[in-house]
Structure formats: structure tokens, C-alpha cells
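The block underneath contains the structure these notes are about, expressed in C-alpha cells.
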Amino acid sequence: MPLSNPDKIFLFAEGAVSTTRLIAYLTLTMIIMVIDHRAGYLESMRAFSGVLVEPAYRIAALPSDVARAGRLAVATQSQLVDENRKLREALLLAQVRVNRMSALTAQNERLKKLLDVQKELGLGVHLARLIDIDLDPFRHRIVIDAGSAQMIKVGQPVLDAFGIMGQIVEVLPNTSVALLITDPTHAIPVKVRRTGLRTIVYGTGGINRLRLPNIPISSDIKVGDELVTSGLGGRFPAGFPVGEIVEISNDESGMFAAAIAKPAAALDRSGEVLLLQDLPQPMGPPAPQHNDPDVGESPASEEQDGAMP
Amino acid sequence: MNRRRAQAWIFIGSLLLAFLLQLMPLPQPLLLLKPWWIALVLIYWSIETPDRVGLGFALLIGMCGDLLSGQLLGEQALRLVVMSFIVLRFRSRLRFFPISQQALAVLGLLLNDRIVVVMIRGFSGDPIPTMGFWISPFIGMLAWPFVFLLLDDVRARLRAQES
């Protein structure tokens, strides 16, 4: 391989690259990073380059799609029959539950009318599929095949059949990126379903672990408690399962109890996700709950937004 | 002329493949093991054809990587600029290393890159990743001989075909 100027090659001294150019390029990248970090130009640039980025995502997801299709094609009859039976049983159970629920809903409607509550629980959802690619193993983000063309907006909650998965952080023309609740930069306001205790659940970076670092030490919480969204912060609607407490210990200072929870959603297994349409959120602090005296006394600082910057 | 074009195709094709491999999904336990393919391919090309791969090119590739992964714009660019600077500086020596020694050098480069990442994350206020973060350079070291031999073989075949 002939080089352009073989006279200039030294074995131990400055060769093809000079330090000045390195410094110039390093400065350039640092300026870009600072501008991006401060002003968030990456979003506008990404939206601009979405035309290029989206096909790349689709192509990268192709092999796993093909593999899945292949597995389906060679699945044996008995496997399919088995799966079919299981699904039918699940459907039956779900149907029974829905029937019971509809009776309860009707009753609820009546009671609410009696109480003169205006807040509606009607949910608009959009079903979307995951695009099976991996952006960065240390940031828990997923790519979804619905974007601004499907009226997806930043901040919409993402759910699967079992609970909250995360929220949309970035929207491209036909795809969007969602931040999972297990990402270390994510936080979600929750309450314990059994006692109504309000707290915040943080992601840890592990796909099966959520962190509840600041629970008052005297509060009533135990392993197995279910966590549901509290609806505070106005990002996630109230009442969706988030996780289940699996471990409780003291934090380092001994002032708070710290718990570990397991996410309710199948974060690494879901293939389809639901995107909730924006709900009309009441502005200002939420109305006090009448039937639960514990809840009203928690400090107002817990009413944070869903995501930390 | 024709050979030139074929060389360019290999060059571009290997980089595109590296980007796709980077985005490729893996089962959850294997995710941490994914080597940084883009860096491996770029190291290869800056050892073999330094007239084509300079610091500016590394910057460009890094920006593409940032756009694809939706990270802080410029992060991968900075990492690749640092890496290709070191490679280009020591190119004359790296070129004549036996493959095992080359793999060790690649390990050094990738570990250095991890330190750069930790610095960037520290400055931008992101959480510092867990211990699994340090596995990937070792996998990169193991993958290096294959990347090197594969690309070398493809190019050698091309040359043999031409003559």
C-alpha cells in the first residue's frame, strides 16, 4: 500500500497528525457538546435528520424481525395448539374480569354522578410496535414505530398489558424514542396501593430493579406492596401499576427506609405497547382525597414531574 | 479505477455494517458484552489507510453515531477523535505488531475510551455507569482479530482478483 508521502513517516516522532489539529477538533466537539447540552439542539437536528435515521433503525431491526418470522414459520403444530389454548384461557379470564368491571364501572359512574365529579377516566390509546434495536445498553430507551405522523407527542406515557413502561422523550416523523422507568435518569411519582403512601420511584439502570430511596422510616410499607401511579406531576395518569416492593432496608444515613421494587411491566419482553393520548389534566394541586386521611399530609415536594432533566 | 471503486465500496460497506451492528438488538444478558464495532472498524482503517481516515473523518463518523443513538451530540465524536489520534500517532508501530499484541493495544484504546466516557458523563451530570460498563473493551479485544482478519482477507482477495 503506497502512502502519499513516504518521506514524512517517522517511527517515533510526530507523524501524520499534529497536536494542533487534535486540539482544534477536541475544542470543536466540546463546543458542540456544550451547545447541545445547554440548548438541546440535538432534537431539532434529529428531527431534521429523521429521514436518514429512521431507515437505519428499520434496517437494523430487520434481522430480528426475520428471525421471529422464521421461528413462527417452523413452529410445530403442537406448540401452536398449546399457545392457542393458553391464550384462549387468558382471554376467558380477561373476559370474566371485564364483565365484572363493566358492572363496577356502571356503579362507579352512578356514584360519581352523585358526588358530582367532573374528572373523566376516559382513555384514548394508540397501539404501537417496538422496533427491536438497541440504542445504548446503559440508557434504557426503546424505539417505537409511531411518530409525529401518528400524532405522538413528547411526554405521552407508554404502557403494556401489565403496567407503566415509560414515557416518550423524542418524536421523529414515523418513529419515537421512549425512556423506560428503569433508566437511571427517570423518576415517577407513585403511591402504595394498600396504604396510599406517596413516594417517588427512581430507575436504577438494571432492567428488573426500581429504587425508592426516601420513604419515611415510620411509614407502613412491606414486601409485596403494589405501587401504582399517583397521578401527581401531571405526566402519568393515576392508578396504573408501576411495580411491586421486593426488598426493604435502611438507607446509609438511617433516616429513611429504602426499598427496591420490581417493575410491573414486562420491560424487556413486550412487543406491542400502548401510548396514552394526553389526558386533560387539572391545573394546580390535586383535590384532597376524602376517604383516606393518611394521604393529605405528605409534603408538597413530592409532587414532582415525571422526569428529571 | 475499478479497483479503486471496489476499495471504496469495502470501506463504506464496512462502516455501514458497523453502524448496523451497533444498533442490532441482543438478548438482555448479552447487551453489556456488545463491543464498540464502529471504533474497531475505524481503528482498522486508520491503521491501513491513514490517508483516507483523518481526525476530521473520525469526527464525522462520531457525529453520525451520535445522531443514530440519540445521545449527547458530540460525545462519540470526541471519543473517536481521541482514539484515532492515538492510533494515527502510533500507526507505524501498530502496523507491525503481531495480531495478539495488536489486540492488547486495542484493549488499551478501548479502556482509554471508557475513561473518556466517564469524564464526559461526569461533566454533563449523567449518572456514572455500573461495573458492567468495563466489560465491553475486553470483548472488543477478543473481537479485534476477527475484524482485522476479515477485512484484511476481503481486501487481499480483491487485490488477487485484480492482478
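Any read-out appearing in this document is the output of simple, stated calculations on the displayed coordinates, not a laboratory observation. The model shown is predicted, which means the values in this text are computed figures rather than measured ones. Quick reminder, even Gly has a Cβ in these numbers, built from the backbone with ideal geometry, and neighbours come from all protein chains shown.
Given B:F11, A:S18, A:V98, which one lies farthest toward the positive end of the charge dipole of the protein assembly as shown, if we put +1 on the Cβ of every Lys and Arg and -1 on the Cβ of every Asp and Glu? Farthest towards the positive pole: B:F11.
Basic side chains Lys and Arg get +1 at the Cβ, acidic Asp and Glu get -1 at the Cβ, and with that the dipole of the protein assembly as shown about its Cα centre reaches some 1260 debye. Here is what passes the span test in chain B: the DSSP H helices with alpha carbon length of 18 Å or more along the helix axis and a Kyte-Doolittle mean of 0.0 or above are B:2-23, B:55-69, B:75-89, B:99-124, B:136-162. Neighbour counting of Cβ atoms within 10 Å sorts the residues B:D66, B:D51, A:D183, fewest neighbours leading, into B:D51, A:D183, B:D66.
Extent of the protein assembly as shown along its three principal axes (Cα atoms, max minus min coordinate, largest first): 91, 58, 39 Å.
Distance between the pseudo-spin-label points of A:R58 and B:I12 (7 Å out from Cα toward the beta carbon): 2.0 nm.
With K and R counted +1 and D and E -1, the other residues having a Cβ less than 12 Å from that of A:D82 yield a net charge of +1.
Rounded, prolate or oblate: which fits the range A:118-184, taking a ≥ b ≥ c as square roots of the Cα gyration tensor eigenvalues, rounded meaning a/c under 1.5, else prolate when a/b beats b/c? Judged from the Cα gyration tensor, the range A:118-184 comes out oblate (a/c at least 1.5, b/c at or above a/b).
Taking neighbour Cβ counts within 10 Å as the exposure measure, how do A:M255, A:M33, A:M45, A:M165 sort from fewest upward?
Least crowded to most crowded, the residues run A:M255, A:M45, A:M33, A:M165.
Could you give the dipole magnitude of the range A:204-268 about its Cα centre, charging the beta-carbon of Lys and Arg +1 and that of Asp and Glu -1, in debye to the nearest 20?
Details: 5 positive and 8 negative charges, 37 e Å.
Computed charge dipole of the range A:204-268: roughly 180 debye.
For B:L158, the shell of other residues with beta-carbons less than 12 Å away shows a net charge of +3, using +1 for Lys and Arg and -1 for Asp and Glu. Across the range A:136-145, rounded Karplus estimates of 3J(HN,Hα) from the backbone phi angles (6.51 cos²θ - 1.76 cosθ + 1.60, θ = phi - 60°) give 6, x, 9, 10, 8, 10, 10, 10, 10, 8 Hz, Gly and Pro being marked x. A cut-off of 5 Å between modelled amide H atoms, ignoring neighbours fewer than 5 places along the same chain, links A:I133 with A:V143.
Applying 1/(1 + (r/R0)^6) with R0 = 25 Å to the Cβ-Cβ distance of B:L104 and B:T130 gives a FRET efficiency near 0.50. Think of the range B:56-163 as a dipole: +1 on every Lys or Arg Cβ, -1 on every Asp or Glu Cβ, centred on the Cα centre; then among B:G65, B:I99, B:F148, B:I99 lies furthest on the positive end. Database remark: amide H of A:V246 closer than 5 angstrom to the amide H of A:G224, A:I260, A:A261, A:K262 (H placed geometrically; neighbours at sequence offset of 5 or more, or on other chains; Pro and chain starts carry no H).
FRET efficiency for the B:Q28 to B:D153 pair, using the beta carbon distance and R₀ = 30 Å, is estimated at 0.35. Between amide H atoms placed 1.01 Å from N, distances below 5 Å from A:H186 occur with A:G203, all of them 5 or more places distant or on a separate chain.
The calculated FRET efficiency for the pair A:R193 and A:V66, based on their C-beta separation and a Förster distance of 35 Å, comes to about 0.25.
With a sphere of radius 13 Å drawn around the Cβ of B:L21, what net charge do the other residues whose Cβ falls strictly inside it have (Lys, Arg +1; Asp, Glu -1)? For residues surrounding B:L21, the net value is 0. Spin-label model, B:R93 to A:A238: label points 7 Å out along the Cα-to-beta-carbon direction sit 6.7 nm apart. For B:S14, B:S100, the sequence from fewest to most other C-beta atoms within 10 Å is B:S100, B:S14. The overall shape of the range A:111-253, judged from the alpha-carbon gyration tensor, is oblate: a/c is not under 1.5, and a/b is no greater than b/c.
Do the sum for chain B: with -39,500 (n - 2.57) for every DSSP H run of n ≥ 4, divided by all residues, what is the mean residue ellipticity at 222 nm, to the nearest 500 deg cm²/dmol?
Computed ellipticity for chain B at 222 nm equals -25000 deg cm²/dmol.
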